[in-house]
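The values are calculated or read from the model by the stated rules, or taken from the named source; none is laboratory data. All values derive from a computational prediction rather than experimental measurement. So basically every Cβ, Gly included, is an ideal-geometry build from the backbone, and we count neighbours across all protein chains shown. Remember, those area values only see protein heavy atoms, side chains included, never the ligands or the DNA or RNA. Shrake-Rupley method; radii C 1.70, N 1.55, O 1.52, S 1.80 Å.
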Amino acid sequence: MKSMLPIVMVVTLLSACQRQEAPTAEAEPTTTATSTPMADAPAPAPAVDDTAAPAGPVSQASFLGYGDMKLGSTVDEARTAWGGELNGAPMEGTTCHYLWPKWITRPADFAFMMEEGKFVRYDVGTDKETAPGGGKVGMGVDELQKLYGGALKASPHKYTQGGQYLAMDAGDVAPTRLVFEADAAGKVTAWRVGLSPQVDYVEGCS
């Protein structure tokens with residue numbers, strides 16, 4: 001009987017150790033289960049920038065005309081479509097003249113050509129207006145050609161040495177044409193949209 005006493009004591013001690021270690025083994029899944037949902041949590045939504053500048057006004061210039069003013073319409077129809085006061089009047093004995101908004105101080109910056117009682121063309125000489133397709137006064141010729149995919153046909157300027165005209169037809173959009181003028185430095189100085197042959201009048205109504 002004395003010889004069995006140490007064996008019983010050893011078995012008892014081992015059982016006690018196993019009971020003390022059991023909670024530790026059960027605590028590990030609890031930690032894992034808690035951390036899993038946190039890993040799958042959605043990222044916070046990005047903050048909205050309320051200070052972003054609004055988009056600029058859309059240009060009213062098109063191959064069809066300017067705003068509600070349609071190329072080919074009568075002078076009276078064009079005036080009505082404009083809806084405001086237009087300066088300018090035909091000189092006696094002439095069939096061609098320009099009209100321009102009363103707020104324009106230099107008609108060369110923005111004006112509408114009328115010939116034989118029809119609105120036939122509009123001229124722009126300021127960078128405040130954008131041509132159909134995105135061209136503007138001040139752009140370089142290379143930049144302009146890239147913008148229009150090389151569709152602009154160049155020809156020498158009649159009065160400016162080293163200058164040029166760059167033109168393209170509207171195609172199926174309208175029976176009109178877009179013409180840019182560039183100086184000797186390769187910068188756009190003016191552009192116009194109109195019907196033929198008036199769009200190609202180099203001197204305008206002169």
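What are the pairs, 6+ residues apart or on separate chains, where a residue within segment 135-154 that is touching a residue at least 24 places away in the same chain (Cβ under 8 Å) and over 9 Å from Gly186 (Cβ atoms) has its Cβ under 7 Å from a residue that is in a helix (DSSP H, G or I) and aliphatic (A, V, I, L, M)? Close Cβ pairs satisfying both conditions: Gly135/Leu144; Gly135/Leu147; Leu152/Leu144. Among the residues making up segment 57-88, those that are within 27 Å of the chain's Cα centre (by Cα) and among the aliphatic types (A, V, I, L, M) are Val58, Ala61, Leu64, Met69, Leu71, Ala81. Restricting attention to segment 101-130 and to residues that are of a type in the set (Lys, Arg) and surrounded by fewer than 17 Cβ atoms within 10 Å (Cβ to Cβ), the residue that is nearest to Ser73 (Cα to Cα) turns out to be Lys102. Exactly one residue out of Gly150, Gly134, Gly163 is out of contact with any strand residue (DSSP E or B) (no Cβ under 8 Å at 6 or more places or on another chain) and open to solvent by less than 30 Å² (accessible area, probe 1.4 Å), and it is Gly134. Considering Asp142, Asp183, Asp169, the condition of being open to solvent by 20 Å² or more (accessible area, probe 1.4 Å) and under 24 Å from Val58 (Cβ atoms) is satisfied by Asp169 alone. Selection of first residues in segment 165-178 that are within 15 Å of Tyr66 (Cβ to Cβ) and touching a residue at least 12 places away in the same chain (Cβ under 8 Å) and of second residues that are buried (at least 20 other Cβ atoms within 10 Å of the Cβ) and of a type in the set (Ser, Thr, Tyr), restricted to Cβ pairs under 8 Å at least 6 apart or on distinct chains, gives the following pairs, ordered by first then second residue: Ala170/Thr176.
Quick check on segment 89-98: of everything there that is part of a strand (DSSP E or B) and over 11 Å from Asp123 (Cβ atoms), which residue is nearest to the chain's Cα centre (by Cα)? Out of the qualifying residues, it is His97. Restricting attention to segment 186-201, the residues being of a type outside the set (Gly, Ala, Ser) and open to solvent by 50 Å² or more (accessible area, probe 1.4 Å) number 5.
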